[in-house]
Amino acid sequence: MKDEGRKMKDEMDSGISVPIAEVIRSRRTIGAFRPELPPREVVLDALDAARWAPNHKKTEPWHVMLLGPETVRAVIEINSQIITATKGPAEAEAKRKKWSEVPGWFAVTCDLADDPFRREEDYAACCCLIQNLSLALWSAGIGTKWSTGDVTRHPELFKLLNIDPARQRVVGLFWYGYPAVTPGQTRCPVESFLVEMS
């Protein structure tokens with residue numbers, strides 16, 4: 001299958017404007033990456049666009065942490081301990097190998113408001129930021145994968161990232177990089193979920 005991420009990057013580099021609908025439709029969750037780390041400036045540009053996500057009361061409740069090699073190794077170790085305990089050492093080693101091949105990592109956290117309804121709104125706002133960020137990166141040929149596995153709720157991860165669990169929640173860990181493989185994808189037609197009311 002044609003590498004849509006690389007095609008998108010080539011089009012952007014050539015100065016061709018890519019319509020937002022095409023970016024949305026072509027974006028994929030990427031599980032296999034080429035080894036090179038995308039430039040930090042491109043990631044910062046994507047974050048600059050992503051921060052314009054809708055957020056009620058202008059709370060801007062998100063925090064993004066770009067994880068360096070030392071932190072990534074520590075995250076992988078925490079995850080390996082979790083997997084060893086739940087699925088055994090062979091599965092843990094397979095995960096360690098796969099995770100160690102990922103070029104770029106970031107984490108997104110969300111402030112925890114006192115009001116339960118505000119918490120829901122703030123979480124939704126963080127998800128909007130993540131979608132914006134994923135699309136902005138994809139438009140530059142960079143794919144992402146959003147993980148909400150057990151490691152994202154583990155106390156050792158909170159310690160590692162210096163997060164107070166009473167004040168913030170981890171929305172996800174994210175891999176990013178240039179896709180080695182871009183999978184196909186389908187969606188149900190609009191008619192399957194649209195309800196038009198008089």
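Values in this text are rule-based calculations from the coordinates and carry no lab data. If you're wondering where the values come from, they're calculated on a predicted model, not measured in any experiment. Every residue, glycine as well, gets a Cβ built from its backbone with ideal geometry; the counts of neighbours run over all protein chains shown.
Would you calculate the separation in nanometres between label points at Glu191 and Ala32, each defined as 7 Å from the Cα along the Cα-to-beta-carbon direction?
Each label point lies 7 Å from its Cα, and together they span 3.6 nm.
Among the Cys residues of the chain, which have no other cysteine Cβ under 4.7 angstrom away?
When partners are defined as cysteine Cβ atoms under 4.7 Å apart, the chain leaves Cys127, Cys128, Cys188 without one.
Size of the dipole of segment 13-149 about the Cα centre, Lys and Arg at +1 and Asp and Glu at -1 on the beta carbon, nothing else charged, in debye to 20?
For segment 13-149, the charge dipole is close to 460 debye.
How large are Rg and Dmax for segment 84-186 when calculated on the C-alpha trace, in angstrom?
That works out to 15.7, 43 Å for Rg and Dmax.
Return the inverse of the average 1/r over all pairs of distinct C-alpha atoms in segment 130-198, which is the Kirkwood hydrodynamic radius, in Å to one decimal.
15.3 Å
For segment 87-129, with the dipole built from +1 on Lys and Arg beta-carbon atoms and -1 on Asp and Glu ones, taken about the Cα centre, which of Tyr123, Val102, Ala113 lies farthest toward the positive end?
The residue sitting most towards the positive pole is Val102.
Straight-line reach from Lys58: which aspartates and glutamates fall under 12 Å, measuring Cα to Cα and dropping same-chain residues less than 8 apart?
Partners found: Glu121, Asp122.
Please compute, over every Cα-Cα pair in segment 41-130, the percentage with a separation greater than 18 angstrom.
Of the Cα pairs, 58 percent sit more than 18 Å apart.
Rg (Å, one decimal) plus Dmax (Å, integer) for the alpha carbons of the chain?
That works out to 18.0, 58 Å for Rg and Dmax.
Averaged over every viewing direction, what's the projected area of the C-alpha convex hull for segment 108-153? Give it in nm², one decimal, please.
Across all orientations, segment 108-153 yields a mean hull projection of 3.6 nm².
Just to be sure I understand: of the beta bridges DSSP finds with both ends in the chain, what percent are antiparallel, rounded to 5?
95 percent
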